[in-house]
Amino acid sequence: MNEYRLFIDGEWRAAADGRVAATINPATEEPWAHVAAAGPADVDAAVGAAKRSFADGRWRKLPRAERAAALSRIAAIILERAEELARFEVLDAGGTMRKANLADVPATAQTFQYYADLLSGSSDEEVFDEQVPVPSRNIVRREPIGVCACITPFNFPMAAASWKIAPAIAAGNSIVLKPSPHTPVTTLLLAEICHQAGVPAGVVNVLTGPGAALGEALVSHPDVDKIAFTGSTAVGKRIMELAAPRLTKLTLELGGKSPNIILEDANLDGAVRGALFGTFFHAGQVCESGTRVLVHASLHDELVERMVEGARSIKLGDPLDLATMMGPLVSDSQRANSERYVHAGREEGARVVTGGRRPPELARGYYYEPTIFAGVKNDMRIAREEIFGPVVSVLRFSDEEEALRLANDSLYGLGAAVWSRDVERAQRMAERIEAGTVWVNDYHLINVRFPFGGYKQSGFGRELGPWGLAEFQQVKHIHVGEPTGVDQKYYFGLLFD
Ligand code: NAD
């Protein structure tokens with residue numbers, strides 16, 4: 001059994017009260033590692049370490065080139081340790097090895113390399129010399145915020161952690177990161193890798209342990225200056241309440257119910273693939289999953305038929321096996337959630353056209369079959385609420401306006417897609433969709449250079465690109481006036497004769 005402790009102030013530490021918790025392999029339902037379970041004393045220790053490292057400037061005051069070089073080294077070590085990281089990501093989260101190899105590990109390394117390059121090629125300071133209303137030099141500086149409390153979900157543990165750590169430390173902050181209790185291990189290893197790469201002690205700390213109690217203790221700590229949260233909308237709302245008393249700066253990356261619109265002139269081969277990939281990748285446990293497929297009535301029957309055929313060809317099984325296309329869900333309760341929604345969909349009159357059950361051939365593991373609902377109305381719970389499992393709803397529309405109305409009739413606004421051979425038409429529709437990312441003829445393609453985040457109850461703030469860095473910075477304006485020429489400062493007349 002693997003054993004992991006907390007990573008605080010550059011070293012591995014047991015929880016102050018010695019507690020540990022098991023982390024379960026979702027494919028076997030067996031524990032595969034023991035991980036320390038942090039409590040309030042550990043929150044104090046980790047936030048204290050982060051605060052000291054920020055205050056003495058051991059990281060934030062280093063020349064940008066040195067910080068960029070450390071971020072580059074982190075990327076290199078991630079790639080050197082790729083096999084170990086991929087394996088542990090699969091054991092913890094239940095995603096497939098092909099996902100870990102093709103997405104999780106390279107994307108995590110790429111995020112660090114991207115922010116290394118961004119640091120090297122930019123400056124934190126801009127200077128503007130103004131003559132009006134009086135001569136002045138104006139310096140606009142981007143400064144780190146301080147101690148950042150970062151909380152991540154279970155679905156992409158390593159990549160989500162990199163979306164927090166890389167921009168936060170690129171900006172010069174110190175952080176305390178809390179991963180999901182379902183998937184703590186690779187985040188701990190990332191902290192170790194940061195240390196190996198020369199990031200000083202106390203700058204990156206990781207606390208593992210019970211989700212809500214630990215998360216609330218962390219975000220409520222009086223020495224936390226910024227909270228960056230990724231997770232469900234319900235928990236996001238709770239965190240906003242906890243941030244309110246001290247107006248702690250906050251970004252929230254939350255849930256979704258994204259529309260995937262297939263117009264009558266779509267290339268159906270691409271649209272079918274996109275609809276399946278958009279929903280069943282990682283067993284649907286992806287925040288921007290295209291869980292509402294909106295299809296033009298003329299294509300509806302053929303699309304459903306081809307989706308059913310495609311869903312049935314998805315091979316479920318041991319996620320470590322490279323032939324496996326879809327692994328288990330992360331936990332029994334996550335699977336039970338899908339089961340509840342499938343029941344609700346049936347009750348409300350929608351039709352399960354494939355799936356809707358546990359695969360009979362897989363007795364162990366939290367597996368659930370790719371499930372497609374037809375005959376869905378947009379006011380049904382399966383079309384309104386995030387399921388976060390392999391369950392997709394197909395809805396039909398008869399014209400562009402109806403498609404847009406259905407697409408935007410949602411509390412959420414994270415992702416969306418439009419499939420059409422007429423890309424200008426699709427682009428015009430994309431402009432009218434209320435979502436942070438809209439793909440045309442594509443799905444799930446997240447690019448480290450471009451912003452990712454939500455409209456409406458999918459949250460606020462953006463990750464990735466320069467926008468992701470800006471969320472971890474304060475902006476200061478320094479106005480430097482002339483020491484002489486008091487008479488020119490006519491605006492003193494606002495007070496004096
Ligand atoms: P979750 O909200 O249950 O948990 C997210 C994190 O918050 C975990 O680390 C958890 O331990 C912690 N947490 C739980 N209760 C807390 C509390 N009261 N105070 C502080 N922290 C608390 O979400 P999950 O089930 O881990 O992940 C799935 C959700 O995440 C989905 O809703 C999905 O859409 C969302 N998500 C969003 C994005 C995005 O970028 N918008 C990306 C990935 C996942």
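The values are calculated or read from the model by the stated rules, or taken from the named source; none is laboratory data. In this text the structure is predicted, and so the values were computed from the model without any measurement. Cβ placement follows ideal geometry from the backbone for every residue including glycine, while neighbour counts extend to all protein chains displayed.
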**Study point:** Identity of the residue in the stretch 168-180, hydrophobic (A, V, I, L, M, F, W, C) and within 16 Å of the ligand (Cβ to nearest atom), that ends up surrounded by the most Cβ atoms within 10 Å (Cβ to Cβ)
**Key:** V176
Practice item. Inspect all residues belonging to the stretch 370-379 and state whether any of them is crowded, with 22+ Cβ neighbours inside 10 Å and within 16 Å of the ligand (Cβ to nearest atom). Key: no
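One residue is enough: does the stretch 284-304 have a residue meeting the conditions under 23 Å from Y412 (Cα atoms), part of a helix (DSSP H, G or I) and under 24 Å from the mean Cα position of the chain (by Cα)? Walk me through it before giving the result.
Our first condition is that a residue be under 23 Å from Y412 (Cα atoms); within the stretch 284-304, this holds for 284-296.
In the following step, the residues that additionally are part of a helix (DSSP H, G or I) were identified as 284.
If we keep only those that are under 24 Å from the mean Cα position of the chain (by Cα) as well, we get 284.
Checked the stretch 284-304: at least one residue is under 23 Å from Y412 (Cα atoms), part of a helix (DSSP H, G or I) and under 24 Å from the mean Cα position of the chain (by Cα).
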Practice item. Only residues that are free of Cβ contacts under 8 Å to residues at least 60 places away in the same chain and either part of a helix (DSSP H, G or I) or of a type in the set (G, A, S) (or both): list them for the stretch 468-497, please. Key: V486, D487, F492, G493, L494
Practice item. Pairs only if they're at least six apart or on different chains, beta carbon under 6 angstrom, first in the stretch 195-213 and more than 18 Å from T152 (Cα to Cα), second part of a loop (DSSP other than H, G, I, E, B) and at pLDDT 95 or above; list them, first residue then second. Key: H195/G10; P200/R58; P200/W59; A201/D9; A201/G10; G202/D9
Exercise for review: Hey, can you tell me all the residues within the stretch 13-67 that are in a strand (DSSP E or B), surrounded by 15 or more Cβ atoms within 10 Å (Cβ to Cβ) and without any contact (Cβ under 8 Å) to a residue 24 or more places away in the chain?
Suggested key: V20
Review point. Taking the stretch 411-467 on its own, how many of its residues are part of a strand (DSSP E or B) and either under 18 Å from G255 (Cβ atoms) or touching a helix residue (DSSP H, G or I) at 6+ places or on another chain (Cβ under 6 Å) (or both)?
Key: 16
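Okay, residues lined up against (1) outside any helix (DSSP H, G or I); (2) within 16 Å of the ligand (Cβ to nearest atom); (3) outside the structural domain of R292 (by TED's automatic domain parsing); (4) out of contact with any Gly (no Cβ under 6 Å at 6 or more places or on another chain):
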| position | (1), (2), (3), (4) |
| --- | --- |
| A243 | no, yes, yes, yes |
| D265 | yes, no, no, yes |
| G270 | no, no, no, yes |
| G274 | no, no, no, yes |
Practice item. Tell me which residues, restricted to the stretch 387-410, are part of a loop (DSSP other than H, G, I, E, B) and under 25 Å from A426 (Cα atoms). Key: S398, D399, D409, S410
Check your understanding: How many residues are at negative phi and within 12 Å of the ligand (Cβ to nearest atom) when one looks only at the stretch 194-220?
Key -> 14
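Would a scan of the stretch 310-317 turn up a residue that is in contact (Cβ under 8 Å) with a residue 60 or more places away in the chain and of a type in the set (S, T, N, Q)?
no
The rows are residues; the columns are (1) crowded, with 24+ Cβ neighbours inside 10 Å; (2) hydrophobic (A, V, I, L, M, F, W, C); (3) part of a loop (DSSP other than H, G, I, E, B).
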| position | (1), (2), (3) |
| --- | --- |
| F112 | yes, yes, no |
| E126 | no, no, no |
| V134 | no, yes, yes |
| R137 | no, no, no |
| R142 | no, no, no |
| F154 | yes, yes, yes |
| A166 | yes, yes, no |
| H182 | no, no, yes |
| T187 | yes, no, no |
